[in-house]
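We did not get these values from a lab; they are worked out from the coordinates using the rules stated. Predicted model, so just to flag it, every value in this text is computed and none were measured. Here the Cβ is made from the backbone with ideal geometry for all residues, glycine too, and neighbour counts use every protein chain on show.
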Amino acid sequence: MTSLPILAADPLVFGVIASVVGVFFFVLIFIATRFKRCPSNRILVIYGKVGAERTARCIHGGGAFIYPLIQDYAFLDLAPRTIEIDLIGALSKKNIRVNVPSTFTIGISTRPEIMQNAAERLLGLSDMQLREQCKDIILGQMRLVLATLSIEEINQDREKFLELVNQNVGTELAKVGLDVINVNIRDITDESGYIDAIGKKAAAEAVNQARIEVAQAEQKGAVGEAEAVRLKHVLVADQTSQSTQGQKRAEAEQRIAVASLESGAIQGQKKAEREQLVVLARLEAEAATGQMDAERERRVGVASLEAQAVEGENKSKALIATTNADFAEREADARRRSQVARANADREILNAEKEREVARLTKEEVAQQEINRMKMQIEADARADQIRRIANGEADAILARRRAEAEGQKLILDAKAEGYSQLIRACGDRPEMAPTLLMIEKITEVVGEQVKAIQGLKIDKITVWDGGGRDGKGATAGFLSGLIGSLPAMHDLAKQAGIELPSYLGRVPGGKCEEAPKASAAGN
């Protein structure tokens, strides 16, 4: 109650208090305006005087106080950016130009070391400038990757292609503070139509392989069924045999175990008695040895104490002389070490400068050699993979052709065997007629071959010598008579077998054979 009149009576005090309160609120508002918070989708970059060896300080999340006059701030946007890359006419490994349209999704990295690069190289750039810079980097690295791969590798091994693109492009973009979020290769084409030809070839090979696999599956099914039946019989017999063997083995093991236990009991009893005698003898020997060792140690201890007393007196006298000499040596050694240290420091400075220069040169040469080695290794792996794929394809084709030929030959032999079986069944009680019927089928071919053998000969005349035969007939007449006599039976067998004999062997109307054309021989 007493303060209000005092304040009203003293305007000076009131003015001071109001000034203090005003200054306090001004300072509070100033501090609030200089404390900057960083949202999750941005990077707060504080530049100015931020440290002895740093150009900027980057903060992702949280906040920081911006000192006036000596510091300022800006934000980097972390939103992903999509860049369309229309790569046209890039040379591949075999000098074939390809078109690789792709879409890259990139963004500013939040890793500390790469985030620092973004603050130094991207701060203040517009979105259009950032896209143009990234597009130039991506196009250069894409052309470099395509130059190390063939068309087959690009088209077939997309995973390897994308891995190389991510690796090369990501390494270069990290230098400016960016990360590759996603790479989408939309399509790969070429002006010469080589990729389309590869696709048609692969489709044809896939169809052929499918047909081969169907035939192999059917074959495996039949073989597997037969194998399962055979295996069932084998397993049943094997289980029966194992049951019998197990029973006999158990009986033998029982007998052996009983005999072993009896033998072990006897051996254990003898071993325990022997160990008891050995322990008693060892204890007696140790007692005698301990008594002798104690006497020896007592004598050695007395002599040692006397020697130590004499040695202590001698050491005290020598220590006085040594102390004086050490003082002089240390004084001289201190002067010498000071001079050596100064010389060593100069030498180390020169060596450090030399090693730094050597390291810089070595780094440049080793880096170039490593790049060349990796290129050679990638080319060698690609060539080896191509040779291996071609060899596997040729081996599969040869195997399929051999199997198809074997299956065709098997079908022909099966058909012939079935035909021979039907022919033998048609002969009935006279199976010896089957070879005759088969020979009749081949008469035309045999006559044709004989005609070819003599068609080039010039024959003036043919003389036939017939030495006669039985029953007043010649050999030729006997042969023709026997042949004509066997014709009815041959016609019957051919009819049963479903075979039609040549016309020059006659006909059998109504079950009787017509007379075959008579053969005659003329002799000059």
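Points worth noting:
- Here the range 133-209 is treated as a Stokes sphere of Kirkwood radius computed over C-alpha pairs; at 10 °C and 1.306 mPa s its diffusion coefficient rounds to 112 µm²/s.
- 3J(HN,Hα) from dihedral phi, the range 340-355, Karplus parametrisation 6.51/-1.76/1.60, rounded to Hz, x for glycine, proline: 5, 4, 5, 5, 5, 4, 4, 5, 5, 4, 5, 5, 5, 5, 5, 5
- Computed over all pairs of different Cα atoms, the Kirkwood value for the hydrodynamic radius of the range 98-163 is 14.1 Å.
- Ranking of Cys58, Cys427 by count of other Cβ atoms within 10 Å, fewest first: Cys427, Cys58
- Taken about its Cα centre, the range 175-315 carries a charge dipole of about 560 debye when Lys and Arg each add +1 at the Cβ and Asp and Glu each add -1 at the Cβ.
- Measure of compaction for the range 79-192 (Cα Rg per 2.2 N^0.38 Å): 1.10
- Remark: for residue pairs Lys49/Lys135; Lys410/Lys442; Lys410/Lys452; Lys442/Lys495; Lys94/Lys200; Lys94/Lys135, the C-alpha separation exceeds 28 Å in Lys49/Lys135; Lys410/Lys452.
- Integer Hz, Karplus 6.51/-1.76/1.60 couplings in order for the range 371-382, x for Gly and Pro: 4, 4, 5, 5, 4, 4, 5, 5, 5, 5, 4, 5
- When peptides 179-188, 139-148, 197-206 are sorted by average Cβ neighbour count within 10 Å, with the highest value leading, the order is 139-148, 179-188, 197-206.
- Overall form of the range 26-78: oblate. Here a/c, set by the Cα gyration tensor axes a ≥ b ≥ c, is 1.5 or more, and a/b is not larger than b/c.
- Dimensionless Rg/Rh of the range 181-269 - Kirkwood Rh, Rg from C-alpha atoms: 1.59
- When you restrict to C-alpha pairs under 8 Å that are six or more residues apart and normalise by the size of the range 79-192, the relative contact order lands at 41 percent.
- C-alpha center-to-center spacing [the range 16-36, the range 211-249] in angstrom: 95 Å
- Taking amide H as placed 1.01 Å from N in the peptide plane, the amide H of Leu87 sits under 5 Å from that of Val100, Ser102, each at least 5 places away or on another chain.
- Computed over the range 26-78, relative contact order equals 43 percent, with contacts defined as Cα pairs under 8 Å that lie 6+ residues apart.
- Thr189 long-range amide H proximity, modeled H, under 5 Å: Asn99
- Remark: the Ala228-Arg282 segment gains 12.2 nm on full extension, using 0.36 nm per residue and subtracting the alpha carbon distance.
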